[in-house]
Structure formats: structure tokens, C-alpha cells
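Data first, discussion second: the structure below is written as C-alpha cells.
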Amino acid sequence: MRRTTLALALLLALAGCGTDDPVAPGRDVPSTAPTRAPTSDDAGPAGAVDGTREDPTVVEPTDALLDWQDTGVPAGVGYVKGPKWEALSDEGRTRVDLQADGMSASVVAGGGRTISEVLMSEDWAVVVRQDEAETDPSQVVAIDLATGKERDLVSPAAASGGSWALTGGDLHYPTYGDGGAYCLATSALADANGEDGWCAPARSGFSGLTASEDGIGMMTFDDARPVACRTLNLLDGSGVPQPVEGPTECLGWDVAATPDGVVWSEVPKPRRQEQAHLYASVDGAYADLGPGTTGSVLPCGGSVFFVRDPQSPDEPARLMRWTPDHALEVAYASTSTGNAFLGKPVCGGGVITLSSFGEQGDEHVWANVG
């Protein structure tokens, strides 16, 4: 099937930072995760999270499917839906066309470049034109969705590739600092005010940026061999990553802020990098959210979503939702079972878009999170 795992995509992004494979098998890492398999008897009522890190509350999902609409675009084609605007990339990623009622904008990649990122919030869209040779900085175009006007983001210069996140009018992206250091830049798009921020120490890097009004999350990693040690962080008020409480040392992968904690994933088996286990913290207590797919954690519309592959031949692929009320919901379930999977979900200002693939047919759908 047409699947490139999310884990592989992340590894390629990290490789672009000039670092070693952060999750190659073979290195022993400490673990404080629960050693027994949770059962349904462990589950508490919806919203009740009072577990410890060693014995987290197991949260059972309930069906609460969103009102999904067909995008009219083939599954897998680059498409972002927002409250008013939509952005559609061509199959070759050579251009992206944006439109809303009475307004439109187009960005062409240009010679030797490809459209690598299309991000959207309620107020802004950002299109990244990456150098195919990955030697020159990326070129960034910001579109004011109130007017449809475009502007180039020129400073700080964007690194080629890497991880990007947009929340409100703030864009977070990789740049290079003194001596080639890999740094995190932030740009306030309304006034084109960009500035360098925290820089990763020598022989380390970062990826997996997530952003919402609740905070900015990232995974940092070192270059230890044969397996790098990964740390999950939220940025503090000065823009410096601070490790979050809860993740098992070196095993974390995704992290996203919530109003009263974080959602994070861990990869317990280095040889199965696409398989993760999800947890959440709630005011110092901990919840076990069950299995998920690495690289799929997405804050959107006040909730945090993640993909769960079929766990048996008769189960669908699911999009899971952790709500502000501490409920775990099935927001989407594929028609196909067993041999089915979901693409990485995309959020555009409280609207989520999702591609679904399977033997019973593919889907490309969107829904308001609200």
C-alpha cells in the first residue's frame, strides 16, 4: 500500500539537521513506564484522572465521531482546510493555490524548489518553498487571510527542511545561528518581526514542533550511538525548552501542551519505530491513552488528536481525540479494517483534515473540531 510511515518521515527530517539516526536499535535505555498490561478493570470514569506515573489511569475511548465532509480532493494530495480558506497543492508540490469567498492567492515553488510545508491558522497561511538540494535556505511566504495579501519572510533565514508550527499569528521554525548552530526562530507575522531563539547545543538537535495557545512542544535529541536519547519539552516564557514531567527517559517522541498538562508518546521498542504508546498528564496525575502512531500527535481546536492503527484484523484505523474534559474519543474510524491506515492529520484554525487509505476505498475528509 501507499504508506510511508510517519516515523520514517521524522527520521528524514532529523537527518536533514546533520545528526545521526536518533532511534537506531541497540542501546539500552532506562524505563519507568508501567510493566504490566492495562485491563478494562483499570479504567476510571470519563474525566477522572488520578493515576500516578507508575500506575496511570487507563482511559477507555468512546465513539464521538466528528461531522466529516468530503474534501473533493484525492487522498494523499496536499490539502489544508481552514474556517474560510482552503489550500490545495498539486501532486508534484510545485505550487499551492489558496482560495476563499472572493479572494485567492497562489505560490509557485520555482526552479529547484518544492512546496514542503503549508500551514494555516485562523488568520494566516504560510507556504514554505524548500531547496530540493537542501543547500540553500527555505523561502517562506506568509498570506494575510483577512486580505489575501502576501509577504516574504526573510529574517531569520529558514533552514532547509526541519519542523514547523503555526499558532495564531506566530510561526515557529528552524534556522541556523552562529557557527552553524541549529536554532528555533519565531516570527510574529502581523509585523514581520522575526527573532532567533534557543539554539540546540553542539551535536544535538530538535524536531516534532507542536503549537497551540496552550504552549509550544518539541522533541530534543543528542547524538549518542547507537541510539540517541530523546527528551520531550515545552518552551518556557523565555523560549527555552524545559523537559516535561512524565515521559520515560530517552523514549519520548511526540509532545503537545494541554490546558492542564501534556499529551506525549513513547516508543518502547526501537525496532518498531512507528508504534508508540500515548499518555497524558492532568494537574500532576497521569492517564494511559493506549497505542498510537509516532509523529501523529496534533493539537487542534483545544483538543489533542493522534492516529491509532488497527489493533486486529477486524478493527479500523482511528483518529483519537483527547478533550479538555479528559475524555478519550474516537473522532474518526476508517471504513476499511485490518489493512488500513491514516495519513498525518492537519489542522487549519480549528478545522482538521485527514486522509484515510484502505481496501474498502480511500477518503480525504475534513471536520470542524468545535
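The values are calculated or read from the model by the stated rules, or taken from the named source; none is laboratory data. Everything quoted here is computed from the prediction, not taken from an experiment. Neighbour counts run over all protein chains shown; Cβ positions are idealised from the backbone, glycine included. These area figures cover heavy atoms from the full protein model, side chains too; ligands, DNA and RNA do not enter into them. Shrake-Rupley method; radii C 1.70, N 1.55, O 1.52, S 1.80 Å.
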**Fill in**
Exactly one of P270, P310 is in contact with a strand residue (DSSP E or B) (Cβ under 7 Å, 6 or more places away or on another chain), open to solvent by 20 Å² or more (accessible area, probe 1.4 Å) and not in a strand (DSSP E or B), and that one is P310
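So that you can scan it fast, the table gives a plain yes or no per residue for (1) modelled with pLDDT under 95; (2) under 24 Å from S312 (Cβ atoms); (3) within 13 Å of the chain's Cα centre (by Cα); (4) not basic (K, R):
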position	(1), (2), (3), (4)
S207	no, no, yes, yes
M219	no, no, yes, yes
E245	no, no, no, yes
D254	no, yes, yes, yes
P259	no, no, no, yes
D283	no, no, no, yes
**Message:** Would you confirm, using the coordinates I've provided, whether T186 is open to solvent by 30 Å² or more (accessible area, probe 1.4 Å), touching an Asp or Glu at 6+ places or on another chain (Cβ under 9 Å), of a type in the set (V, I, T) and within 22 Å of P299 (Cα to Cα)?
**Reply:** yes
**Message:** Going by what's in this entry, would E91 be described as surrounded by fewer than 21 Cβ atoms within 10 Å (Cβ to Cβ), at pLDDT below 95 and assigned to a loop (DSSP other than H, G, I, E, B)?
**Reply:** yes
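Could you please let me know if Y173 is farther than 24 Å from V346 by Cα and modelled with pLDDT of 95 or more?
Taking the combined requirement at face value, the residue does not satisfy it.
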**Prompt:** Is one or more of the residues making up segment 47-57 modelled with pLDDT under 90, assigned to a loop (DSSP other than H, G, I, E, B) and either over 22 Å from the mean Cα position of the chain (by Cα) or closer than 26 Å to A228 by Cβ (or both)?
**Reply:** yes
**Of residues in segment 169-185 being part of a strand (DSSP E or B) and hydrophobic (A, V, I, L, M, F, W, C), the one farthest from L145 (Cα to Cα)** = C183
**Item:** Pairs where the first residue, in segment 259-271, is without any contact (Cβ under 8 Å) to a residue 12 or more places away in the chain and the second is exposed (fewer than 15 other Cβ atoms within 10 Å of the Cβ), C-beta under 9 Å, 6+ apart
**Value:** K269/P25
**Asked** Does segment 54-70 include one or more residues that are touching a residue at least 60 places away in the same chain (Cβ under 8 Å) and touching a helix residue (DSSP H, G or I) at 6+ places or on another chain (Cβ under 6 Å)?
**Response** yes
**Asked** For segment 277-307, how many residues are over 20 Å from D325 (Cβ atoms), in a strand (DSSP E or B) and open to solvent by 10 Å² or more (accessible area, probe 1.4 Å)?
**Response** 2
**Asked** Could you say which residue among S265, S212 is open to solvent by 10 Å² or more (accessible area, probe 1.4 Å), within 16 Å of the chain's Cα centre (by Cα) and on the phi < 0 side of the Ramachandran plot?
**Response** S212
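Please determine, by comparing only the residues of segment 133-158 that are of a type outside the set (A, V, I, L, M) and assigned to a strand (DSSP E or B), which one is surrounded by the most Cβ atoms within 10 Å (Cβ to Cβ).
S138
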**Request:** Might you check whether a residue that is under 20 Å from F341 (Cβ atoms) and in contact with a strand residue (DSSP E or B) (Cβ under 9 Å, 6 or more places away or on another chain) occurs anywhere in segment 281-290?
**Result:** yes
**Request:** Might you let me know whether segment 277-294 holds any residue that is under 27 Å from D70 (Cα atoms) and small (G, A, S)?
**Result:** yes
**Request:** Evaluate the following for A200: is it in contact with a His (Cβ under 6 Å, 6 or more places away or on another chain), crowded, with 19+ Cβ neighbours inside 10 Å, at pLDDT 95 or above and under 30 Å from Y286 (Cβ atoms)?
**Result:** no
**Asked** Of the residues G217, G161, G194, G205, which single one is open to solvent by less than 40 Å² (accessible area, probe 1.4 Å), assigned to a loop (DSSP other than H, G, I, E, B) and not hydroxyl-bearing (S, T, Y)?
**Response** G161
**Prompt:** Taking interchain pairs and intrachain pairs at least six residues apart, which have beta carbon atoms under 6 angstrom, with the first residue in segment 73-88 and buried (at least 19 other Cβ atoms within 10 Å of the Cβ) and the second assigned to a loop (DSSP other than H, G, I, E, B)?
**Reply:** A75/D362; Y79/T71; Y79/V73; G82/G349; W85/L145
**Request:** Test P259 against the criterion of being surrounded by fewer than 21 Cβ atoms within 10 Å (Cβ to Cβ) and closer than 15 Å to T210 by Cα, and give yes or no.
**Result:** yes
**Unmet criterion (only one of (1) open to solvent by less than 10 Å² (accessible area, probe 1.4 Å); (2) touching a residue at least 60 places away in the same chain (Cβ under 8 Å); (3) out of contact with any Leu (no Cβ under 8 Å at 6 or more places or on another chain)) for V330** = (3)
**Request:** Could you check R113 against (1) within 28 Å of P299 (Cβ to Cβ); (2) surrounded by fewer than 22 Cβ atoms within 10 Å (Cβ to Cβ); (3) of a type in the set (K, R) and say which number it fails?
**Result:** (1)
